[in-house]
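Colleague: Just passing along the structure, written as C-alpha cells.
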Amino acid sequence: MKKMPIAKQEKKDLKETKSQGDGKHIDFRDQIAKNKTKSIFLLIIVIAVFIALGYVISLAFQLDVFMILIFATVISIIYVWITYVFSDRIALWSVGAKEADPSQYRALYNSVENMSLASGLPMPKVYIMQGDQINAFATGKDPKHSVICVTEGAIAKLNKQELEGVIGHEMSHVANYDIRFVTIVAVVVGAISIFSQIFLRSLWFGGGRSSGDSDRGGGNVIFLVLAIVLAILAPIIVKLVQLSISRKREYAADAGAVEFTRYPPGLINALKKIKQENEEPMKVPDAVAPMFFSDTTKQRLAEMFQTHPPINKRIAVLEAM
C-alpha cells in the first residue's frame, strides 16, 4: 500500500537530480575537477573555523590555558598520523578481511588487474570480507601501498562489467589520494572537537574564570561568550562539512570509474542492484564506514547527515555522462 508514494518520490528525486544539469551531457573530467575544487573549498572552511575558534579562545583566556589547547591538538595530530600510517591494517582487521586467494577469486583479480592497467596505478593487494551486501572499499596511504577489499556479496551478485565499475570507483579513490585528503580533514575536525571539549570543561572546573579575569574588564566577557557559542557550534559545523566532503569525493570517484572503464552502465547497474537489495545492514565500525563504496547502514537520513550521496543522484549523474 505504501509502495506507490515511495516510488513516486524516487522518480521525483531522480527527475530533480537530472534537471540540475539542464539535461546536458556531463563530462567525467569536469565532474572530477569540480568535485576536487569543492572538496578543497570545504576543507578551507573547516580550517577557518579551527583558526577562529583558537583565536577567540586565546582572547578569552590567558596564554597558559591556550597552550594546553595547543598541546592537546598536537597530541591528536600525532594520534591521527599513527592511525593514518597503519590505516590499511587497522581497516582490514576491523572488518575481518582476509587476503583473497588468486586461484579461488580469479575473476576478482582479473577485474582489479584490468582497472590497475586502465588507471596506470600499481596493482593493489586484494582482500575479501564476509557480507551478503554488495560493497567494497579501498585503503592504504598511497598508490604503492593500496588495498582493495570486496565483499563476498559483490562477487556473487555482480557481473564482470559491474564488478569492474565498483573496482574502478575504488581505484579512483586511490588515484585521487582520497585517503590522505580525508585524513587531513579528520585531523582538523578532531582537533576542533578536542579544542571545544577542553575549553568547555575548563569553564566547568575553573568556575568560568581564569586568573586575572577581573582585571581585564567587560571586553573579555564578550570574547568568553563568543568562545562558548563557537565551542558548541564548531564541532557540529565541521562534522557537517566533513560529511559534505565525503559525498563530494564519492561523486568524483564515480566519475573516475567512468574514466577507467569507459563504460558507465557497469557502475550504474551495480548501483541499481544495491538499491534493490534487501540484505541486513553491514556491521562495521563507524570509523571505516565512510570508506565503503555505498552506505553500510541503509538509514533514511537527510542527505546532509550521510557520508554517501543518495543512490538516485549518483545514478542520475552517471546516466548524464
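The values are calculated or read from the model by the stated rules, or taken from the named source; none is laboratory data. Please read all numbers here as calculations on a predicted model, not as lab measurements. Positions of Cβ are backbone-derived with ideal geometry, glycine not excepted, and every protein chain shown enters the neighbour counts.
Colleague: Scan region 140-195 residue by residue and report those that are touching a Ser or Thr at 6+ places or on another chain (Cβ under 8 Å), small (Gly, Ala, Ser) and either under 23 Å from Ala107 (Cβ atoms) or not in a helix (DSSP H, G or I) (or both).
Modeller: Hits for region 140-195 are Gly140, Ser146, Gly165, Gly168, Ser172, Ala175.
Colleague: Would you mind telling me which numbered condition in (1) among the charged types (D, E, K, R); (2) under 22 Å from the mean Cα position of the chain (by Cα); (3) part of a loop (DSSP other than H, G, I, E, B) Asp101 fails?
Modeller: (2)
Colleague: If His145 satisfies all but one of (1) in contact with an Asp or Glu (Cβ under 8 Å, 6 or more places away or on another chain); (2) more than 22 Å from Thr307 (Cα to Cα); (3) touching a residue at least 60 places away in the same chain (Cβ under 8 Å), what's the number of the condition it fails?
Modeller: Of (1) in contact with an Asp or Glu (Cβ under 8 Å, 6 or more places away or on another chain); (2) more than 22 Å from Thr307 (Cα to Cα); (3) touching a residue at least 60 places away in the same chain (Cβ under 8 Å), only one is false for His145: (3).
Colleague: Of the residues Tyr79, Tyr84, which is surrounded by fewer than 14 Cβ atoms within 10 Å (Cβ to Cβ) and either at pLDDT below 80 or not in a strand (DSSP E or B) (or both)?
Modeller: Of Tyr79, Tyr84, the one residue that is surrounded by fewer than 14 Cβ atoms within 10 Å (Cβ to Cβ) and either at pLDDT below 80 or not in a strand (DSSP E or B) (or both) is Tyr79.
Colleague: Which of the residues spanning region 114-127 are surrounded by fewer than 20 Cβ atoms within 10 Å (Cβ to Cβ) and not in a helix (DSSP H, G or I)?
Modeller: Gly120, Leu121, Pro122, Met123, Lys125
Colleague: Sticking with this structure for a sec: Right, Val65: modelled with pLDDT of 70 or more, in a helix (DSSP H, G or I) and either of a type in the set (A, V, I, L, M) or assigned by TED's automatic domain parsing to the domain that holds Phe195 (or both) or not?
Modeller: Considered against the rule, which asks whether it is modelled with pLDDT of 70 or more, in a helix (DSSP H, G or I) and either of a type in the set (A, V, I, L, M) or assigned by TED's automatic domain parsing to the domain that holds Phe195 (or both), Val65 comes out as no.
Colleague: Restricting region 192-230 to residues that are at pLDDT 75 or above and of a type in the set (S, T, N, Q), which is surrounded by the most Cβ atoms within 10 Å (Cβ to Cβ)?
Modeller: Ser196
Colleague: Kindly list the number of the only condition in (1) free of Cβ contacts under 8 Å to residues at least 40 places away in the same chain; (2) crowded, with 17+ Cβ neighbours inside 10 Å that fails for Val174.
Modeller: Single failed check for Val174: (1).
Colleague: Assess whether Ser111 counts as being assigned to a helix (DSSP H, G or I) and closer than 17 Å to Phe293 by Cα.
Modeller: The answer is yes for Ser111.
Colleague: Moving to a separate point now. Please find, within region 144-167, the residue that is surrounded by the fewest Cβ atoms within 10 Å (Cβ to Cβ) out of those that are within 18 Å of the chain's Cα centre (by Cα) and over 20 Å from Asn278 (Cα atoms).
Modeller: Val147
Colleague: Further question: Does region 261-275 hold any residues that are among the hydrophobic types (A, V, I, L, M, F, W, C) and modelled with pLDDT under 95, and which are they?
Modeller: If the condition is that a residue be among the hydrophobic types (A, V, I, L, M, F, W, C) and modelled with pLDDT under 95, then Ile274 is the only one that fits.
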